[in-house]
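The values are calculated or read from the model by the stated rules, or taken from the named source; none is laboratory data. Computed from a predicted structure; not experimentally measured. For neighbour counting, all protein chains shown are included, and Cβ atoms are generated from backbone atoms with ideal geometry for every residue, glycine included. Side chains are part of the model used for accessible areas, which takes the heavy atoms of the whole protein and leaves out ligands, DNA and RNA. Shrake-Rupley method; radii C 1.70, N 1.55, O 1.52, S 1.80 Å.
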Amino acid sequence: MSLRTMHPSLLRGAAGGPDSQAMNPVRILLSACLALAVVFAGLFATGASAQTERPGKIVFTVLSAEGQASSGPLWQPLLDDLERELGLPVEPIFGSNYSVLVEAMRANQAQIGWFSALPAVQAIDRSKGEVIARTVDIEGKDSYVSTIIVKKGSGITIEDVAACGKRYTFGIGDAQSTSGTLAPMTYFFGPRGINPTECFSTVRSANHQNNAFSVANGQVDVATSNSVNTVFLRRQNPQIAGQIEEIWESPPIPESGIIIRSDLPADLKARIKRFFVTYGQGFGPEAERQRQVMEGLNYSQFRAADNSYLDPIREMKADQARREGRPPEVAPPASAGTLIERWWPFALIGLLAVIAIVLNVARRPGEPAADPSKIPEPPRKSLAAWSLDVLLWGGFAIMLLAAFDKVDLPNILNLFSNSQNMREYGRDFLNPDFSDWRSLVALMWLTVQIALWGTFLAVFLAVPLSLMASRNLSPPWLVWPVRRVMDLMRSIPDLVIATLFIVAVGLGPLAGVLAIGLNTAGVLAKLFSEAVESIDKGPIEGVKATGGGRLHEITWGVIPQVAPLWTSFALYRFESNSRAATVLGLIGAGGIGQALFESLQAFEYRTVSTIAIIIVVAVTLIDMLSQAMRKRLL
């Protein structure tokens, strides 16, 4: 609100009149800051004093290698039975990202989880997890094997894979996958001294089902999987299973387990354990129904177990660390926090108060007080205008309130109740690991190249589209369909477009270039067309007067007027695409994104910090270059 539109009563307060104590906007700011400080203190106090209590509901996470659409119906009957047994709501969460589910348990947002072996170790070490049961398959085995698969009839042998030579594309598992990554690295690649990133032309990280589909469809040549996924595919997707063959399998690996938080009330833990170890056992119609539920999951029972059943996994990780010359991993130490860590919320409160006081008393030297008599009265709104304002802003407020629970805002208190976890993350992020910075910088440079070519292709497409979509240059019968095509191009997410291009051109940077180019073309075409529609018609009329044709009008009457804006838009999108290209690494489109996601899933937050620093530096340099180019071109 400017001085010209501010109400006189507010100006009297600002000038130090009788209403200044109540109406000074800066004092209002001070009050708001102090109120915010009180809220911070109250929230922190609440979070600091919170203790583990009997939960109002049980959140059960399922580490789904096949995806929620496939796993959800199979697990739901068992979870319904668990809900009836406990008398508490049981809410399932399905996910294929190992680290997210482990962190959810760590933050006490999940109390029970079904984890494969390696993530189960992480849940124990990082999330106060405790094993209560291990799974047994329908053949009575409590172990499974990791496999390496190829397309049936491809002729690729395990000797061909071991020969490397960057001849094949490779689909590896999640960084925290036991059978998808740890077992193949321990039993196949590691003993042969093979680094997959140096052995294969392209390496893509995905879950077992995605890797299997990629092999069957010819998107990757070789991939990791496991015997459990093989059985699942034979039952659910026999056509895909028939196109895959296994060329290697590992020694037995401990089967998945049921992990619960160790700090749950003892009686609740006992009831949960009793439910699992007795589920599907005994005789009678109910036991038979439960056994059918278990068969759908490819299990025959949950066998009682403790943390020691995962000792082989710890030995595998220790062996891998020895081969790589790293110290063995240890569980993150529990920390009560330093003096600064314990008192940082109150330091924040003090800082807010100091800022508010400085803003309240500061005045520029020689700045005269406002004279309310010289400020004109603001125009008065009609009743209709006031009614429209109330309708618009009231509707906006109602939408906010209606969405409060939908966006899970009540859980914002976890920012303060889980402050210990945040401090631990902060310690890693503030201690980046630059030991492998050269390879990370090379990946970042590849990401920038993807963004550069993607933006160039986008401009190449956007220029003709924008001219055809401009109402002042093109007829309506052409404008409408072109604008709908532009809507389609910018509406489909980059990840979806990149996946489609991977099917066509395979894994690698080209899919990322094409995805960025197509999506950005839709955005730039809209911006370019709006710039064309706002041009001055005078230069066009001048070209017409000289006898110039349509192409001359565009070349000499339109382009010179819009070139500065077009340049600015294109350079800004190049900056944005440099960030967007990192996400495409998730699906195998190349660049630093894959390294970022693998580090996140492996809880290597020091490496994540290094990657974040490299990305920030790169984007900053691109921004500086863009500014220099704009100054020279505009």
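If R₀ is 25 angstrom, what is the calculated FRET efficiency for the pair residue 485 and residue 456, using the beta carbon separation as r and rounding to 0.05? Intermediate results must be reported in sequence, preceding the final value.
On the way: r = 20 Å, r/R0 = 0.80.
Efficiency for this residue pair is about 0.80.
Using 0.36 nm per residue, how much length does the chain from residue 431 to residue 319 gain when fully extended, once their Cα-Cα distance is taken away? Display every interim value, and only then the final one.
Details: separation 112, 0.36 × 112 = 40.32 nm, distance 2.62 nm.
Using 0.36 nm per residue and subtracting the Cα-Cα distance, I get 37.7 nm.
Where a ≥ b ≥ c are the square roots of the eigenvalues of the C-alpha gyration tensor, would you call region 203-326 rounded, which needs a/c under 1.5, or, failing that, prolate if a/b is larger than b/c, or oblate?
Working: a/c = 2.73, a/b = 1.29, b/c = 2.11.
Because a/c hits 1.5 or more and a/b fails to exceed b/c, region 203-326 counts as oblate.
Within straight cross-link reach of residue 544, meaning Cα distance under 20 Å, which aspartates and glutamates are found once same-chain residues fewer than 8 apart are removed?
Once the sequence-local aspartates and glutamates are set aside, what remains near residue 544 is 533, 536, 553.
Using heavy-atom solvent-accessible surface (probe 1.4 Å) with all chains present, what is the largest-first order of 629, 105? Before the final figure, lay out the partial values.
On the way: 629 75, 105 0 Å².
Descending order: 629, 105.
Spelling out what I want: for every residue of region 213-218, take phi, set θ = phi - 60°, compute 6.51 cos²θ - 1.76 cosθ + 1.60 (Karplus), and round to whole Hz; glycine and proline get x.
Each residue's phi maps through the Karplus curve to give 5, 5, 5, 4, 8, x Hz.
Using only the Cα atoms of region 122-259, build the gyration tensor, take square roots of its eigenvalues as a ≥ b ≥ c, and label the shape rounded, prolate or oblate: rounded if a/c is under 1.5, else prolate if a/b is larger than b/c, else oblate.
oblate
Peptides 457-463, 239-245, 577-583: what's the order by average Cβ count within 10 Å, highest mean first? Please report the intermediate quantities before stating the final value.
Details: 457-463: 20.3, 239-245: 16.1, 577-583: 23.9.
Put in order of decreasing packing, that is 577-583, 457-463, 239-245.
Under 5 Å between amide hydrogens, which residues at least 5 positions from residue 255 or on another chain qualify, with H placed 1.01 Å from N in the peptide plane?
Result for residue 255 returns 143, 144.
Can you pull the accessible area of residue 455 for me, 1.4 Å probe, Å² to the nearest 10?
Answer for residue 455: close to 10 Å² accessible.
Can you compute the modelled spin-label distance between residue 308 and residue 166, with each label point 7 Å from Cα toward Cβ, in nm?
Result: 5.0 nm between the two label points.
For residue 621 and residue 295, calculate 0.36 nm times their separation in residues minus their Cα-Cα distance, and state this gained length in nm to one decimal. Could you put the intermediate results ahead of the total?
Values: separation 326, 0.36 × 326 = 117.36 nm, distance 5.68 nm.
Length gained, residue 621 through residue 295: 111.7 nm.
Would region 117-179 count as rounded, prolate or oblate if I go by the C-alpha gyration tensor, calling it rounded below 1.5 in a/c and otherwise prolate when a/b exceeds b/c, oblate otherwise?
Values: a/c = 4.28, a/b = 1.86, b/c = 2.30.
Taking the square roots of the gyration eigenvalues as a ≥ b ≥ c, region 117-179 is oblate.
Straight distance only, please: which lysines reach the Cα of residue 128 with their own Cα at less than 24 Å, same-chain residues fewer than 8 apart left out?
57, 269, 273, 317
Arrange the peptides 280-292, 168-180 so that the one whose residues have, on average, the most other Cβ atoms within 10 Å appears first. All intermediate terms of the calculation are to be shown ahead of the outcome.
Working: 280-292: 12.7, 168-180: 25.5.
Answer by packing, highest mean first, reads 168-180, 280-292.
By how many nm would the segment from residue 409 to residue 141 lengthen if fully extended, with 0.36 nm per residue of separation less the alpha-carbon distance?
Numbers: separation 268, 0.36 × 268 = 96.48 nm, distance 4.43 nm.
Fully extending the segment from residue 409 to residue 141 adds 92.1 nm.
For 613, 158, 258, write out the residues from largest to smallest accessible area, computed with a 1.4 angstrom probe and no ligands counted. Could the numbers behind the result be given before it?
Working: 613 70, 158 30, 258 0 Å².
Descending accessible area places them as 613, 158, 258.
Got a sec? What order do 445, 477 fall in by accessible area at 1.4 Å, biggest, i.e. largest, first? Can you show the working numbers first?
Details: 445 150, 477 190 Å².
Result of the area sort, largest leading: 477, 445.
Give the lysines whose C-alpha is closer than 22 Å to that of residue 152, dropping any in the same chain fewer than 8 places away, or say none.
Cross-link targets: 166.
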